[in-house]
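Trainee: I have a structure I would like to understand better, so I am pasting it below and will then ask my questions one at a time.
The values are calculated or read from the model by the stated rules, or taken from the named source; none is laboratory data. Quick caveat: nothing in here was measured; it's all calculated off a predicted structure. In this analysis, Cβ positions are derived from the backbone assuming ideal geometry, glycine residues included, and neighbour counts consider all displayed protein chains.
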Amino acid sequence: MEKETSDFRTPHANRLHIALFGRRNSGKSSLINALTGQDIALVSATPGTTTDPVSKAMEVHPLGACLFIDTPGFDDDQEELGSMRIARTLKTIEKTDVALLLCEDGGKEEQEWMALLAQHEIPVVLILNKTDILIDIEQQACLLRENCGQQPILVSAKMGLGIQDVFQAILEKLPEDFGEQTITGGLVKEGDVVLLVMPQDIQAPKGRLILPQVQTIRELLDKKCLVMSCTTDKLEDILKALVQPPKLIITDSQAFSLVYQQKPAESLLTSFSVLFAAYKGDINYFVEGASAIHKLTEQSHVLIAEACTHAPLTEDIGRVKIPHLLRQRIGKNLQIDLVSGSDFPKDLSGYDLIIHCGACMFNRKYVLSRISQARGQNIPMTNYGVAIACLTGILDKIVVNDS
(Lines give C-alpha, C1' and ligand atoms only; values in the text may rest on other atoms or scores of the structure.)
Protein backbone atom coordinates (compact mmCIF):
# COMPACT_ATOMS: atom_id res chain seq x y z
CA MET A 1 0.00 0.00 0.00
CA GLU A 2 1.35 3.40 -0.98
CA LYS A 3 0.66 6.42 1.19
CA GLU A 4 0.23 9.89 -0.29
CA THR A 5 2.81 12.48 0.59
CA SER A 6 2.11 15.17 -2.01
CA ASP A 7 0.15 18.27 -1.07
CA PHE A 8 -1.51 18.18 -4.50
CA ARG A 9 -3.81 15.29 -3.81
CA THR A 10 -6.89 13.96 -5.51
CA PRO A 11 -9.94 15.87 -4.16
CA HIS A 12 -11.99 13.85 -1.67
CA ALA A 13 -15.01 14.14 -3.98
CA ASN A 14 -13.20 12.15 -6.69
CA ARG A 15 -12.10 9.30 -4.42
CA LEU A 16 -13.65 5.89 -3.88
CA HIS A 17 -15.56 6.28 -0.59
CA ILE A 18 -15.16 3.16 1.57
CA ALA A 19 -17.10 3.29 4.85
CA LEU A 20 -16.81 0.92 7.80
CA PHE A 21 -19.99 0.01 9.67
CA GLY A 22 -20.60 -2.24 12.64
CA ARG A 23 -21.48 -2.45 16.29
CA ARG A 24 -19.55 -0.61 18.97
CA ASN A 25 -16.25 -2.30 19.80
CA SER A 26 -16.44 -4.49 16.70
CA GLY A 27 -12.98 -3.36 15.65
CA LYS A 28 -13.85 -0.76 12.99
CA SER A 29 -11.19 1.68 14.18
CA SER A 30 -8.55 -1.05 14.39
CA LEU A 31 -9.44 -2.18 10.87
CA ILE A 32 -9.28 1.29 9.35
CA ASN A 33 -5.86 1.73 10.96
CA ALA A 34 -4.76 -1.60 9.48
CA LEU A 35 -6.16 -0.71 6.05
CA THR A 36 -4.48 2.68 5.93
CA GLY A 37 -1.29 1.68 7.73
CA GLN A 38 -1.69 4.64 10.08
CA ASP A 39 -3.14 5.25 13.54
CA ILE A 40 -5.85 7.63 12.36
CA ALA A 41 -8.68 6.31 14.54
CA LEU A 42 -8.58 6.06 18.34
CA VAL A 43 -8.68 2.44 19.47
CA SER A 44 -10.03 1.46 22.88
CA ALA A 45 -11.75 -1.48 24.52
CA THR A 46 -14.41 0.95 25.72
CA PRO A 47 -17.51 0.76 23.46
CA GLY A 48 -18.45 4.01 21.74
CA THR A 49 -14.94 5.45 21.49
CA THR A 50 -15.61 6.67 17.94
CA THR A 51 -18.15 9.46 18.32
CA ASP A 52 -17.95 11.07 14.86
CA PRO A 53 -17.15 9.75 11.39
CA VAL A 54 -13.38 9.89 10.82
CA SER A 55 -12.02 10.11 7.26
CA LYS A 56 -8.61 9.35 5.78
CA ALA A 57 -7.59 9.86 2.17
CA MET A 58 -5.12 7.31 0.82
CA GLU A 59 -3.68 5.93 -2.41
CA VAL A 60 -4.12 2.17 -2.26
CA HIS A 61 -2.89 -0.28 -4.89
CA PRO A 62 -4.79 -1.48 -6.88
CA LEU A 63 -7.81 0.63 -5.88
CA GLY A 64 -6.26 4.04 -6.52
CA ALA A 65 -7.45 7.16 -4.69
CA CYS A 66 -9.68 6.18 -1.74
CA LEU A 67 -11.36 7.84 1.20
CA PHE A 68 -11.82 5.53 4.19
CA ILE A 69 -14.55 6.52 6.66
CA ASP A 70 -14.75 5.12 10.20
CA THR A 71 -18.21 5.48 11.77
CA PRO A 72 -19.71 5.27 15.27
CA GLY A 73 -21.33 1.96 16.19
CA PHE A 74 -24.87 1.56 14.90
CA ASP A 75 -25.89 -0.04 18.23
CA ASP A 76 -25.16 3.13 20.19
CA ASP A 77 -27.41 3.95 23.15
CA GLN A 78 -30.69 5.73 22.52
CA GLU A 79 -29.89 8.74 24.65
CA GLU A 80 -29.67 12.09 22.86
CA LEU A 81 -25.94 11.92 22.08
CA GLY A 82 -26.14 8.27 21.04
CA SER A 83 -29.02 8.99 18.69
CA MET A 84 -27.06 11.86 17.16
CA ARG A 85 -24.09 9.57 16.57
CA ILE A 86 -26.32 6.98 14.89
CA ALA A 87 -27.82 9.73 12.71
CA ARG A 88 -24.32 10.67 11.53
CA THR A 89 -23.57 7.05 10.76
CA LEU A 90 -26.76 6.84 8.70
CA LYS A 91 -25.78 10.06 6.92
CA THR A 92 -22.51 8.44 5.84
CA ILE A 93 -24.47 5.88 3.81
CA GLU A 94 -25.44 8.58 1.34
CA LYS A 95 -21.84 9.04 0.20
CA THR A 96 -20.63 5.43 0.47
CA ASP A 97 -19.44 3.64 -2.69
CA VAL A 98 -18.44 0.39 -0.95
CA ALA A 99 -19.34 -0.66 2.61
CA LEU A 100 -17.26 -2.81 4.94
CA LEU A 101 -19.73 -4.34 7.39
CA LEU A 102 -18.15 -5.86 10.49
CA CYS A 103 -20.50 -8.52 11.84
CA GLU A 104 -20.34 -10.77 14.86
CA ASP A 105 -23.25 -13.19 14.53
CA GLY A 106 -25.43 -11.85 11.73
CA GLY A 107 -28.21 -11.03 14.17
CA LYS A 108 -31.31 -8.95 13.49
CA GLU A 109 -29.55 -5.58 13.68
CA GLU A 110 -26.77 -6.67 11.34
CA GLN A 111 -29.28 -8.17 8.91
CA GLU A 112 -31.18 -4.87 8.94
CA TRP A 113 -27.99 -3.06 8.00
CA MET A 114 -27.34 -5.49 5.16
CA ALA A 115 -30.86 -4.72 3.90
CA LEU A 116 -30.39 -0.96 4.38
CA LEU A 117 -27.17 -0.93 2.37
CA ALA A 118 -28.78 -3.07 -0.33
CA GLN A 119 -31.68 -0.60 -0.45
CA HIS A 120 -29.15 2.14 -1.25
CA GLU A 121 -27.51 -0.15 -3.84
CA ILE A 122 -24.22 -0.12 -1.96
CA PRO A 123 -22.02 -3.20 -2.44
CA VAL A 124 -21.10 -4.79 0.90
CA VAL A 125 -17.97 -6.62 1.99
CA LEU A 126 -18.94 -8.73 5.02
CA ILE A 127 -16.12 -9.01 7.57
CA LEU A 128 -15.61 -11.30 10.54
CA ASN A 129 -13.02 -9.49 12.64
CA LYS A 130 -10.99 -10.49 15.71
CA THR A 131 -10.26 -13.97 14.36
CA ASP A 132 -7.18 -14.00 16.60
CA ILE A 133 -9.42 -14.46 19.66
CA LEU A 134 -12.42 -16.35 18.24
CA ILE A 135 -12.81 -19.91 19.53
CA ASP A 136 -14.57 -21.47 16.52
CA ILE A 137 -13.94 -19.36 13.42
CA GLU A 138 -15.52 -21.76 10.94
CA GLN A 139 -18.76 -22.02 12.92
CA GLN A 140 -18.91 -18.24 13.28
CA ALA A 141 -18.30 -17.76 9.54
CA CYS A 142 -20.97 -20.31 8.71
CA LEU A 143 -23.45 -18.53 10.97
CA LEU A 144 -22.75 -15.22 9.25
CA ARG A 145 -23.11 -16.76 5.81
CA GLU A 146 -26.49 -18.25 6.76
CA ASN A 147 -27.83 -15.08 8.39
CA CYS A 148 -26.42 -12.47 6.00
CA GLY A 149 -26.27 -14.40 2.73
CA GLN A 150 -22.57 -13.74 2.10
CA GLN A 151 -19.29 -15.44 2.90
CA PRO A 152 -17.39 -13.17 5.32
CA ILE A 153 -13.76 -12.16 4.92
CA LEU A 154 -11.79 -13.48 7.91
CA VAL A 155 -9.75 -10.69 9.46
CA SER A 156 -7.65 -9.91 12.48
CA ALA A 157 -7.04 -6.17 12.35
CA LYS A 158 -4.88 -6.44 15.46
CA MET A 159 -2.55 -9.01 13.84
CA GLY A 160 -2.82 -7.58 10.32
CA LEU A 161 -4.35 -10.78 8.95
CA GLY A 162 -6.76 -10.79 6.01
CA ILE A 163 -6.10 -7.16 5.03
CA GLN A 164 -5.14 -7.97 1.44
CA ASP A 165 -8.27 -10.15 1.18
CA VAL A 166 -10.32 -7.09 2.13
CA PHE A 167 -8.66 -5.01 -0.61
CA GLN A 168 -9.33 -7.76 -3.15
CA ALA A 169 -12.98 -8.00 -2.06
CA ILE A 170 -13.39 -4.22 -2.43
CA LEU A 171 -11.92 -4.45 -5.93
CA GLU A 172 -14.42 -7.16 -6.85
CA LYS A 173 -17.31 -5.14 -5.41
CA LEU A 174 -16.50 -1.90 -7.24
CA PRO A 175 -19.46 -0.48 -9.19
CA GLU A 176 -18.97 -1.30 -12.88
CA ASP A 177 -19.06 2.34 -13.95
CA PHE A 178 -16.94 3.71 -11.10
CA GLY A 179 -14.34 6.14 -12.39
CA GLU A 180 -15.62 5.99 -15.96
CA GLN A 181 -17.41 9.34 -15.84
CA THR A 182 -15.52 12.25 -17.31
CA ILE A 183 -16.26 15.96 -17.07
CA THR A 184 -16.34 16.72 -20.80
CA GLY A 185 -17.34 13.26 -22.04
CA GLY A 186 -17.53 13.08 -25.81
CA LEU A 187 -17.80 16.83 -26.36
CA VAL A 188 -14.13 17.20 -27.31
CA LYS A 189 -11.27 15.10 -28.63
CA GLU A 190 -7.51 15.41 -29.07
CA GLY A 191 -6.52 18.54 -30.94
CA ASP A 192 -9.78 20.44 -30.34
CA VAL A 193 -9.45 24.05 -29.24
CA VAL A 194 -11.31 24.65 -25.98
CA LEU A 195 -11.75 28.15 -24.54
CA LEU A 196 -12.43 28.62 -20.83
CA VAL A 197 -14.06 31.92 -19.93
CA MET A 198 -13.65 32.41 -16.21
CA PRO A 199 -14.93 35.53 -14.43
CA GLN A 200 -12.59 36.57 -11.63
CA ASP A 201 -15.22 38.03 -9.32
CA ILE A 202 -15.53 38.07 -5.55
CA GLN A 203 -16.19 34.31 -5.48
CA ALA A 204 -12.86 33.47 -7.12
CA PRO A 205 -10.20 32.78 -4.45
CA LYS A 206 -7.29 35.20 -4.75
CA GLY A 207 -4.34 33.67 -6.55
CA ARG A 208 -6.19 30.42 -7.29
CA LEU A 209 -8.83 28.93 -9.55
CA ILE A 210 -11.91 27.22 -8.16
CA LEU A 211 -11.96 23.42 -8.10
CA PRO A 212 -14.25 22.80 -11.13
CA GLN A 213 -12.00 24.98 -13.29
CA VAL A 214 -8.84 23.20 -12.14
CA GLN A 215 -10.32 19.73 -12.69
CA THR A 216 -11.69 20.64 -16.11
CA ILE A 217 -8.36 22.08 -17.26
CA ARG A 218 -6.53 18.96 -16.09
CA GLU A 219 -8.92 16.66 -17.96
CA LEU A 220 -8.65 18.71 -21.16
CA LEU A 221 -4.85 18.59 -20.98
CA ASP A 222 -5.00 14.83 -20.46
CA LYS A 223 -7.18 14.60 -23.58
CA LYS A 224 -4.51 16.57 -25.50
CA CYS A 225 -6.89 19.42 -26.24
CA LEU A 226 -5.58 22.90 -27.00
CA VAL A 227 -6.69 24.84 -23.93
CA MET A 228 -6.96 28.61 -23.75
CA SER A 229 -8.47 30.73 -21.00
CA CYS A 230 -9.52 34.30 -20.39
CA THR A 231 -11.71 36.48 -18.23
CA THR A 232 -15.03 37.72 -19.56
CA ASP A 233 -13.69 41.18 -20.37
CA LYS A 234 -11.04 39.66 -22.67
CA LEU A 235 -13.36 37.29 -24.56
CA GLU A 236 -13.58 39.47 -27.65
CA ASP A 237 -9.79 39.91 -27.77
CA ILE A 238 -9.01 36.22 -27.48
CA LEU A 239 -11.56 35.26 -30.14
CA LYS A 240 -9.90 37.72 -32.53
CA ALA A 241 -6.49 36.22 -31.72
CA LEU A 242 -7.59 32.69 -32.60
CA VAL A 243 -7.05 31.47 -36.17
CA GLN A 244 -10.25 29.45 -35.99
CA PRO A 245 -13.24 29.44 -33.60
CA PRO A 246 -12.91 27.15 -30.58
CA LYS A 247 -14.73 23.81 -30.74
CA LEU A 248 -16.10 24.34 -27.24
CA ILE A 249 -16.45 27.31 -24.89
CA ILE A 250 -16.85 26.59 -21.18
CA THR A 251 -17.80 29.42 -18.85
CA ASP A 252 -19.30 30.10 -15.45
CA SER A 253 -23.08 29.84 -15.51
CA GLN A 254 -23.45 33.43 -14.34
CA ALA A 255 -21.70 34.60 -17.54
CA PHE A 256 -23.90 32.55 -19.91
CA SER A 257 -25.72 35.50 -21.49
CA LEU A 258 -22.61 37.62 -22.00
CA VAL A 259 -20.59 34.78 -23.54
CA TYR A 260 -23.49 33.59 -25.70
CA GLN A 261 -23.85 37.03 -27.26
CA GLN A 262 -20.17 37.07 -28.30
CA LYS A 263 -19.43 33.46 -29.17
CA PRO A 264 -18.92 32.31 -32.80
CA ALA A 265 -21.96 30.52 -34.21
CA GLU A 266 -20.02 27.30 -34.77
CA SER A 267 -18.64 27.12 -31.23
CA LEU A 268 -20.45 24.93 -28.70
CA LEU A 269 -21.25 26.54 -25.34
CA THR A 270 -21.63 25.05 -21.88
CA SER A 271 -20.69 25.84 -18.28
CA PHE A 272 -18.65 24.21 -15.56
CA SER A 273 -21.81 23.70 -13.52
CA VAL A 274 -23.64 22.02 -16.40
CA LEU A 275 -20.69 19.71 -17.05
CA PHE A 276 -20.53 18.78 -13.38
CA ALA A 277 -24.27 18.16 -13.36
CA ALA A 278 -23.59 15.23 -15.69
CA TYR A 279 -20.26 14.27 -14.13
CA LYS A 280 -21.66 14.08 -10.60
CA GLY A 281 -25.37 13.51 -11.17
CA ASP A 282 -28.05 12.98 -13.83
CA ILE A 283 -28.03 15.73 -16.44
CA ASN A 284 -31.19 14.53 -18.16
CA TYR A 285 -33.09 14.62 -14.87
CA PHE A 286 -31.75 18.11 -14.18
CA VAL A 287 -32.82 19.38 -17.60
CA GLU A 288 -36.25 17.85 -17.11
CA GLY A 289 -36.46 19.38 -13.63
CA ALA A 290 -35.70 22.84 -15.00
CA SER A 291 -39.07 22.85 -16.75
CA ALA A 292 -40.65 23.26 -13.31
CA ILE A 293 -39.30 26.84 -13.30
CA HIS A 294 -42.01 27.76 -15.80
CA LYS A 295 -44.70 26.50 -13.39
CA LEU A 296 -43.54 28.42 -10.33
CA THR A 297 -45.75 31.11 -8.82
CA GLU A 298 -45.28 33.53 -5.94
CA GLN A 299 -46.86 30.89 -3.73
CA SER A 300 -44.20 28.33 -4.67
CA HIS A 301 -41.40 27.12 -2.41
CA VAL A 302 -37.87 26.55 -3.77
CA LEU A 303 -34.92 24.86 -2.07
CA ILE A 304 -31.37 25.85 -3.08
CA ALA A 305 -28.72 23.33 -1.99
CA GLU A 306 -24.99 23.98 -2.13
CA ALA A 307 -22.18 21.60 -1.28
CA CYS A 308 -19.83 24.22 0.11
CA THR A 309 -20.18 25.77 3.54
CA HIS A 310 -18.84 29.30 3.43
CA ALA A 311 -19.57 32.78 4.65
CA PRO A 312 -22.15 34.55 2.44
CA LEU A 313 -20.67 36.74 -0.30
CA THR A 314 -22.26 39.82 -1.84
CA GLU A 315 -22.16 38.21 -5.31
CA ASP A 316 -22.88 34.64 -4.17
CA ILE A 317 -24.47 32.67 -7.00
CA GLY A 318 -26.63 30.43 -4.81
CA ARG A 319 -27.58 32.90 -2.11
CA VAL A 320 -27.90 36.05 -4.21
CA LYS A 321 -27.85 35.69 -7.98
CA ILE A 322 -30.18 32.72 -8.53
CA PRO A 323 -32.76 33.98 -5.97
CA HIS A 324 -32.63 37.38 -7.72
CA LEU A 325 -33.22 35.79 -11.14
CA LEU A 326 -36.08 33.67 -9.79
CA ARG A 327 -37.84 36.53 -8.03
CA GLN A 328 -37.28 38.81 -11.00
CA ARG A 329 -39.11 36.30 -13.17
CA ILE A 330 -41.74 34.98 -10.75
CA GLY A 331 -42.28 37.62 -8.08
CA LYS A 332 -40.67 39.01 -4.96
CA ASN A 333 -42.79 36.85 -2.64
CA LEU A 334 -41.38 33.54 -3.94
CA GLN A 335 -40.23 31.60 -0.88
CA ILE A 336 -36.64 30.34 -1.14
CA ASP A 337 -34.75 28.24 1.43
CA LEU A 338 -31.03 27.52 1.32
CA VAL A 339 -29.08 24.61 2.81
CA SER A 340 -25.37 23.93 2.60
CA GLY A 341 -22.95 21.10 3.18
CA SER A 342 -24.54 17.88 4.41
CA ASP A 343 -27.72 19.65 5.55
CA PHE A 344 -30.47 18.37 3.26
CA PRO A 345 -34.07 17.81 4.42
CA LYS A 346 -35.36 14.25 4.53
CA ASP A 347 -38.87 15.49 3.84
CA LEU A 348 -38.93 17.47 0.58
CA SER A 349 -42.70 17.49 0.18
CA GLY A 350 -43.02 21.20 0.91
CA TYR A 351 -40.91 22.20 -2.09
CA ASP A 352 -41.90 22.77 -5.71
CA LEU A 353 -38.32 22.72 -7.01
CA ILE A 354 -34.79 21.93 -5.81
CA ILE A 355 -31.81 23.71 -7.37
CA HIS A 356 -28.48 22.05 -6.56
CA CYS A 357 -24.98 23.42 -7.05
CA GLY A 358 -22.42 21.74 -9.30
CA ALA A 359 -21.41 19.56 -6.31
CA CYS A 360 -17.66 19.68 -6.94
CA MET A 361 -17.21 19.00 -3.19
CA PHE A 362 -19.44 15.89 -3.20
CA ASN A 363 -18.77 12.47 -4.65
CA ARG A 364 -21.11 11.14 -7.33
CA LYS A 365 -22.76 8.68 -4.93
CA TYR A 366 -23.82 11.51 -2.61
CA VAL A 367 -25.37 13.53 -5.43
CA LEU A 368 -27.18 10.50 -6.85
CA SER A 369 -28.57 9.74 -3.38
CA ARG A 370 -30.11 13.23 -3.27
CA ILE A 371 -31.51 12.79 -6.77
CA SER A 372 -33.02 9.45 -5.72
CA GLN A 373 -34.54 11.11 -2.66
CA ALA A 374 -36.10 13.87 -4.77
CA ARG A 375 -37.36 11.40 -7.35
CA GLY A 376 -38.87 9.20 -4.65
CA GLN A 377 -40.87 12.18 -3.36
CA ASN A 378 -41.77 13.43 -6.87
CA ILE A 379 -39.98 16.76 -6.41
CA PRO A 380 -38.35 18.20 -9.56
CA MET A 381 -34.64 18.91 -9.24
CA THR A 382 -32.16 20.84 -11.37
CA ASN A 383 -28.76 22.45 -10.88
CA TYR A 384 -27.27 25.95 -10.90
CA GLY A 385 -26.03 25.96 -14.49
CA VAL A 386 -29.14 24.38 -15.98
CA ALA A 387 -31.41 26.68 -13.97
CA ILE A 388 -29.53 29.81 -15.06
CA ALA A 389 -29.59 28.69 -18.70
CA CYS A 390 -33.34 28.19 -18.39
CA LEU A 391 -33.90 31.53 -16.67
CA THR A 392 -31.85 33.37 -19.31
CA GLY A 393 -33.59 31.60 -22.18
CA ILE A 394 -30.63 29.73 -23.65
CA LEU A 395 -31.10 26.21 -22.25
CA ASP A 396 -31.77 24.88 -25.76
CA LYS A 397 -28.60 26.55 -27.04
CA ILE A 398 -26.03 25.00 -24.70
CA VAL A 399 -24.52 21.52 -24.86
CA VAL A 400 -24.47 18.93 -22.10
CA ASN A 401 -22.28 15.90 -21.56
CA ASP A 402 -24.86 13.12 -21.49
CA SER A 403 -22.52 10.36 -22.63
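Trainee: Please indicate, with yes or no, whether at least one residue in the stretch 223-232 is modelled with pLDDT of 95 or more, at positive phi and surrounded by fewer than 16 Cβ atoms within 10 Å (Cβ to Cβ).
Mentor: yes
Trainee: Checking Phe68 against (1) outside any helix (DSSP H, G or I); (2) modelled with pLDDT under 85, which single condition isn't satisfied?
Mentor: (2)
Trainee: Let me ask something additional. Anything in the stretch 378-397 that is surrounded by fewer than 20 Cβ atoms within 10 Å (Cβ to Cβ) and over 16 Å from Ser300 (Cβ atoms)? List them, or say none.
Mentor: Matches in the stretch 378-397: Thr392, Gly393, Ile394, Asp396, Lys397.
Trainee: Same structure again: In the stretch 253-274, what residues are touching a residue at least 60 places away in the same chain (Cβ under 8 Å) and either of a type in the set (D, E, K, R) or touching a helix residue (DSSP H, G or I) at 6+ places or on another chain (Cβ under 7 Å) (or both)?
Mentor: Passing the criteria: Ser253, Gln254, Phe256, Val259, Tyr260, Leu269, Ser271, Phe272, Ser273, Val274.
Trainee: Which is under 19 Å from Asp97 (Cβ atoms) and among the basic types (Lys, Arg), of Lys173, Lys158, Lys130?
Mentor: It is Lys173.
Trainee: Something else now. Can you name every residue in the stretch 209-248 that is in contact with a Phe, Trp or Tyr (Cβ under 7 Å, 6 or more places away or on another chain) and of a type in the set (A, V, I, L, M, F, W, C)?
Mentor: none
Trainee: I need the full set of residues from the stretch 233-263 which are charged (D, E, K, R) and part of a helix (DSSP H, G or I), in order please.
Mentor: Once the filter is applied, which keeps residues that are charged (D, E, K, R) and part of a helix (DSSP H, G or I), the stretch 233-263 yields Asp233, Lys234, Glu236, Asp237, Lys240.
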